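A short worksheet on the structure shown next.
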Amino acid sequence: MTGIAAWWSNIAAQFTVAFIVKDRWKYIVTGLRNTLIVTLGAVLLGIALGAVIALVRSSWDRTHDDMRPGFSKACLGVANWLSKLYLTLIRGTPVVVQIMILFFVIMANSNNKILTGIIAFGLNSAAYVAEIIRSGIMSIDIGQTEAGRSLGFNYTQTMSFVVLPQAFKNVLPALANEFISLLKETAVAGYVGLTDLTRAAGIIRGVTYQSFMPLIGIAIIYLVLVIFFSWLIGKLERRLRNSDH
Amino acid sequence: MTTDTLIEVKGLQKHFKGGDIKALNGVDVSIARGEVMVIIGPSGSGKSTFLRCLNLLEKPTGGTILVDGADITDPKADINRYRQHMGMVFQHFNLFPHMTVLRNMTLAPMKLLGKSRAEAEEKAMALLERVGLADRAGAYPHQLSGGQQQRIAIIRALCMEPEVMLFDEPTSALDPEMVGEVLEVMKALARDGMTMACVTHEMGFAREVANHVVFMDEGKIVEQGTPSDIFDHPQSERLRSFLAKIL
């Protein structure tokens, strides 16, 4: 009994030092807030930019054989080439290198770390989201496009009424996975001095010379976040399935 | 009855990229208003390619297609407008799986013809009534049999009030017991005077409903005429051997 009691009072003492003394829990709250803001902002930017890249890539793949040479074909060709270059650069370098380049080279004059973080992780996520959405578009039978076109819809209408709603539903699990990866990837934001959840733990470690409590603490917070978002996404998926099957 | 030409095809060519063979090698044919044209031929003869060229789902590499005298292969032609008046039915139905039957039928009329939801739904329900599927208006395509899906696909095209209907092997993907119900809808459509072009292996249908039968082989029209010309008095050796194999 005394062993457990001693262990428990030790844990309680560590907890007090790590989070209660001098209101150190405020670091965690700030870090959590920043982690969530950066993740949500980055996922929105990633989906928006990723969708554009996916549309460029799949439109090119599906239509360039049939397009007449001219201005629009040339534009789409250039856009497709740029998209491929972008995917190669982003997927070919580590995210932590990208975020440092953005902070210390490209946006070195910016003081808004949160915004810079959103842009850095958003640009990174876009490359992965683009390939997810493109695979979703390509997974829709070509007959669906033909049926849409045969009714008289143009390419854009066919995509928005027929192909994309089906593609989105197919890729939702993969997009959810990307969101959860992104949430955890933001842990490298501390490299550029952005106080995210991981850096908050680092600060507490620095001032208390204790590692156990802050690190286990944030691990639990990440885990709870991931479980919560997985549950939320599962609910959304079930709702989409019910609404059309 | 005067022959009023609706579609005039001249010297149609289709050469697929990367292939040496010409899928279509100079097809000339005209389709009169109110005519039911059936296209038959061995697989690989170009009959589906020909049909798909008529609404430019395949882009011809040569020749012209005149619809009501206007050349739809002209780069400046607004193909989306022409397609609104040319219904197409596919082998695999291609209903939109994420929409109810009713929504499948009202989407295009509402978005393209500017019909109100009430107008579009009234028209759709009348057509569903005609094919005996009014009770399935709220169902999703995967809840229907193949025969039901194909009947819906036909009337989905009819919702756009087309001038001509193109059928690309509409019964080939169906279980045998469902072929009849689809052919019935097509026969009723023919009786109502719809202009139709149909690629099919249903020789009974061709004989009974067509006024114009076209036999294609190797990207060309080998023979064409009335059902009696084609089935009872075939001229060419190729048609005779084709008929011998399938009849």
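A:THR195 meets the conditions (1) closer than 27 Å to A:LEU55 by Cβ; (2) among the hydroxyl-bearing types (Ser, Thr, Tyr); (3) not in a helix (DSSP H, G or I) in every case but one. The failed one is (1).
Taken over segment A:97-120, residues that are under 20 Å from the mean Cα position of the chain (by Cα), β-branched (Val, Ile, Thr) and surrounded by fewer than 17 Cβ atoms within 10 Å (Cβ to Cβ) amount to 3. Of the residues making up segment A:85-96, just one is of a type in the set (S, T, N, Q) and either surrounded by 12 or more Cβ atoms within 10 Å (Cβ to Cβ) or closer than 20 Å to A:GLY193 by Cβ (or both), namely A:THR93. Screening B:GLU161 on (1) surrounded by 19 or more Cβ atoms within 10 Å (Cβ to Cβ); (2) under 15 Å from B:LYS123 (Cα atoms) shows it passes everything except condition (1). Within segment B:164-200, the set of residues being surrounded by 20 or more Cβ atoms within 10 Å (Cβ to Cβ) and among the hydroxyl-bearing types (Ser, Thr, Tyr) comprises B:THR171, B:THR195, B:THR200.
Here are some residues: A:ALA201, A:ALA174. Which one is small (Gly, Ala, Ser) and either within 14 Å of chain B (Cβ to nearest Cβ) or within 19 Å of the chain's Cα centre (by Cα) (or both)?
Sole residue among the options that is small (Gly, Ala, Ser) and either within 14 Å of chain B (Cβ to nearest Cβ) or within 19 Å of the chain's Cα centre (by Cα) (or both): A:ALA174.
Scan segment B:139-148 residue by residue and report those that are within 12 Å of chain A (Cβ to nearest Cβ) and either buried (at least 23 other Cβ atoms within 10 Å of the Cβ) or without any contact (Cβ under 8 Å) to a residue 40 or more places away in the chain (or both). Listed by number, the residues that qualify are B:ALA139, B:GLN143.
Kindly indicate whether any position in segment B:189-198 is within 14 Å of chain A (Cβ to nearest Cβ), out of contact with any Leu (no Cβ under 9 Å at 6 or more places or on another chain), in contact (Cβ under 8 Å) with a residue 60 or more places away in the chain and not in a helix (DSSP H, G or I).
For segment B:189-198, residues within 14 Å of chain A (Cβ to nearest Cβ), out of contact with any Leu (no Cβ under 9 Å at 6 or more places or on another chain), in contact (Cβ under 8 Å) with a residue 60 or more places away in the chain and not in a helix (DSSP H, G or I): absent.
Being at pLDDT 95 or above, out of contact with any Gly (no Cβ under 6 Å at 6 or more places or on another chain), more than 9 Å from every other protein chain (Cβ to nearest Cβ) and exposed (fewer than 15 other Cβ atoms within 10 Å of the Cβ) is a property that B:ASP135 has.
Against the conditions (1) in contact (Cβ under 8 Å) with a residue 60 or more places away in the chain; (2) polar (S, T, N, Q); (3) under 22 Å from A:ASP141 (Cα atoms), B:ASN104 satisfies every one except (1).
One line per residue, one yes/no per condition, for (1) basic (Lys, Arg); (2) surrounded by 21 or more Cβ atoms within 10 Å (Cβ to Cβ):
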{"site": "B:PHE205", "(1), (2)": "no, yes"}
{"site": "B:GLU208", "(1), (2)": "no, no"}
{"site": "B:ASP217", "(1), (2)": "no, no"}
{"site": "B:ASP229", "(1), (2)": "no, no"}
{"site": "B:GLN235", "(1), (2)": "no, no"}
{"site": "B:ARG238", "(1), (2)": "yes, no"}
{"site": "B:SER241", "(1), (2)": "no, no"}
{"site": "B:ILE246", "(1), (2)": "no, no"}
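The values are calculated or read from the model by the stated rules, or taken from the named source; none is laboratory data. Keep in mind the model is a prediction, meaning the values are calculated, not measured. Glycine also receives a Cβ, built like all others from the backbone with ideal geometry; neighbour counts cover every protein chain displayed.
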